[in-house]
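S.K.: Quick one: this structure, given as structure tokens, is what I'll be asking you about.
The values are calculated or read from the model by the stated rules, or taken from the named source; none is laboratory data. Because the structure is predicted, anything quoted here is derived from the model rather than measured. Heads up, the Cβs are rebuilt from the backbone with ideal geometry, glycines too, and the neighbour counts pull from every protein chain shown.
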Number of protein chains: 2
Amino acid sequence: MPQGRPTRIPDDGLTTRARRNTAVLAVHTGAGKGKSTAAFGMALRAWNAGLDIAVFQFVKSAKWKVGEEAAFRQLGRLHDDHGTGGPVQWHKMGAGWSWARKPGSVADHAAAAADGWAEIARRLAAQQHDFYVLDEFTYPLNWGWVDVGEVVDTLLGRPGRQHVVITGRDAPPRLIQAADLVTEMAKVKHPMDAGRKGQKGIEW
Amino acid sequence: MPQGRPTRIPDDGLTTRARRNTAVLAVHTGAGKGKSTAAFGMALRAWNAGLDIAVFQFVKSAKWKVGEEAAFRQLGRLHDDHGTGGPVQWHKMGAGWSWARKPGSVADHAAAAADGWAEIARRLAAQQHDFYVLDEFTYPLNWGWVDVGEVVDTLLGRPGRQHVVITGRDAPPRLIQAADLVTEMAKVKHPMDAGRKGQKGIEW
């Protein structure tokens, strides 16, 4: 159902317009499905609003989410060719980050994850995009490949109006604390429990 | 993270290919954000796979989700004009179902919801689409406007390979039992808790 009015008026000295225009930091976590899918759904909405979209996938395998990637490349083309929606960039760690000089270095996943975050931090400082998806980013955080404290500080201090959505299981408590919007996707039932494998159009 | 292999091989006599091609009934429920957004993210993936998409929105207000609707209309146009992805239909109860003869009848929301479901049941019987989103459909079910038992029977008995995703809070237990994939989106934190209002590109 449509969400109603805010339950209280905050005492933060902001006008409604200023508050409305505050950038959102969202986290989708939990063991259930839909974390990344909902992030891409949000990106779809942002694209339609003309926002500049950048997706960063912190996963090793390039097999997954190819459907979303292909669809967003089409959307990006709609922007480039017809001015419809916003521009789209899609970067994958698995294939070696597109900006990386040495594609061979992706064998070191920890270094690749750190490179990915360093690039995102640079872009946030430069206000390069409007809407960032950091897909499966909780894993390098939890594995200690990227420092949670530095990430939280950078996100909280990011200039301008840049929305960031982070997905992945077991989001670190400090990240949850820093976020404006946190949803836990809890698994109630999953087809793989019944031995089904994934299928095209549904799983990728 | 990419989901791994099934935890067990089911004893259902199906080949892996047959099992892989089984149609999915998914339910996104819970009080958190992301139920509809994840459904539209799934639809995006299905669109990319060339599936025929139909969205049915059981909401009164036409204001919400206009971003998704606009984006999917663009995607549908990509199909129609260039053969990219699948065809897209988007039907809203709020504006009066597009197939309804008497637009004035939408003042009776219970009747409109029943009409919507009757049309969906007809399309399922005719195998008209590949991927259905029944957005916010749990509300008419819970309000008794549409019979849960009939819905569950129709969904379980639907022919061919038609995927259905149903969203909304408080999914009825019988629907959850019938579903293959159920995710509960639990609210951990929401910007409106802090008095923020929704904003374009994020909330709609």
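S.K.: List pairs: first in the range B:170-183 and closer than 19 Å to B:Tyr132 by Cα, second of a type in the set (S, T, N, Q), Cβ under 6 Å, 6+ apart or cross-chain?
M.R.: B:Ala171/B:Thr29; B:Ala171/B:Thr138
S.K.: I'd like the full set of residues that are at pLDDT 95 or above, at the interface with chain A (Cβ under 9 Å from one of its Cβ atoms), surrounded by fewer than 18 Cβ atoms within 10 Å (Cβ to Cβ) and in contact with a Phe, Trp or Tyr (Cβ under 9 Å, 6 or more places away or on another chain), limited to the range B:159-204.
M.R.: Scanning the range B:159-204 gives a single hit, B:Arg169.
S.K.: Could I ask something else about it? Name the residues in the range B:150-180 that are assigned to a helix (DSSP H, G or I), over 10 Å from B:Val27 (Cα atoms) and touching a helix residue (DSSP H, G or I) at 6+ places or on another chain (Cβ under 7 Å), would you?
M.R.: Within the range B:150-180, B:Val151, B:Val152, B:Thr154, B:Leu155, B:Leu156, B:Arg174 qualify.
S.K.: Hand me the list of helices (runs of 4 or more DSSP H) wholly inside the range B:39-147 holding 1 or more residues that are at the interface with chain A (Cβ under 10 Å from one of its Cβ atoms) and at pLDDT 95 or above.
M.R.: Qualifying helices (runs of 4 or more DSSP H): B:66-82, B:138-142.
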